[in-house]
Amino acid sequence: MSAKEDKENMDFTEKDEFTNGEDATNVQDTAENTAEEPSGDDNLSCESESLQKKYDELSNSHLRLMAEFDNYRKRTLREKADLIKTGGEAALTDLLPVLDDFERALQNIQAVEDINAVKEGVELIYNKFSAYLTRQGVKPIDASGQPFDTEMFEAVATIPAPETGLKGKVIDTLQTGYTLYGKVIRHAKVVVGE
């Protein structure tokens with residue numbers, strides 16, 4: 001081998017050594033990076049665990065709230081059903097004395113000779129029943145002479161108005177209407193002037 005070839009081989013070997021040195025440095029960097037990654041994985045796993053705990057807590061809280069709401073809904077439905085069943089109990093209990101009065105009146109009608117006494121007894125029962133309805137919020141609709149209003153009255157018939165001032169107004173009431181705390185529960189059946 002000539003000196004020129006020796007020099008080229010030497011340059012090649014030096015390059016190889018230099019390259020091997022770079023590879024060694026790269027291997028060291030890779031090893032350092034690999035050493036850092038597990039700590040990054042540890043951070044990720046810790047963060048993942050904390051997020052999972054938080055998710056589990058929120059999920060558990062949500063499920064409990066859903067169960068509480070479902071129980072509340074069922075309880076209120078049950079209470080409403082009980083109110084509907086027994087809500088009329090007080091109203092019906094207050095009606096029983098009126099029923100007792102009617103029973104007594106029916107028993108005494110057969111033996112009574114004075115018709116005025118029967119008349120007075122029936123009027124007393126009527127007044128007692130009217131007072132009861134008033135306590136319950138039921139009031140009769142005053143219709144006579146009022147302008148015809150479809151919200152309050154039901155026109156059964158129309159007749160020519162005896163006076164011009166009665167045109168479009170209620171002339172006669174055939175059946176009394178009633179309101180319950182301002183809401184119409186039965187329309188008054190009336191005759192209207194044309």
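Just so it is clear, none of the values below were taken in a lab; they were calculated from the coordinates. Treat the numbers as computed from the prediction; the structure is a model and nothing was measured. Note: ideal-geometry Cβ built from the backbone for every residue, glycine included; neighbour counts use all protein chains shown.
Worth a mention:
- Theoretical gain in end-to-end length, Tyr126 to Asp41 [0.36 nm per residue, Cα-Cα removed]: 21.6 nm
- Cβ-Cβ FRET estimate between Arg64 and Ala117, R0 fixed at 41 Å, reported to 0.05: 0.05
- C-alpha center-to-center spacing [the stretch 130-194, the stretch 88-120] in angstrom: 29
- Label-to-label distance, Val138 versus Ala91, with points set 7 angstrom from Cα along the beta-carbon direction: 0.8 nm.
- Between Ala157 and Phe102, the simple label model (points 7 Å from Cα in the Cβ direction) yields a spacing of 2.9 nm.
- HN-Hα J in Hz across the stretch 118-132 - Karplus 6.51, -1.76, 1.60, θ = phi - 60°, x for Gly and Pro: 5, 4, 4, x, 5, 4, 4, 5, 4, 5, 4, 5, 4, 5, 4
- Put simply, the amide H of Gln146, placed in the peptide plane, has neighbours under 5 Å in Val170, leaving out anything fewer than 5 places away on its chain.
- Estimated inter-spin distance, Glu194 and Arg73, nm [label 7 Å along Cα→Cβ]: 5.7
- Residues in the stretch 172-180 carry Karplus couplings, in order, of 9, 10, 8, 9, 5, x, 9, 10, 10 Hz; the curve used is 6.51 cos²θ - 1.76 cosθ + 1.60 with θ = phi - 60°, and Gly or Pro positions show x.
- In this structure the amide hydrogen of Arg186, modeled in the peptide plane, comes within under 5 Å of the amide hydrogens of Tyr178, none closer than 5 places in sequence on its chain.
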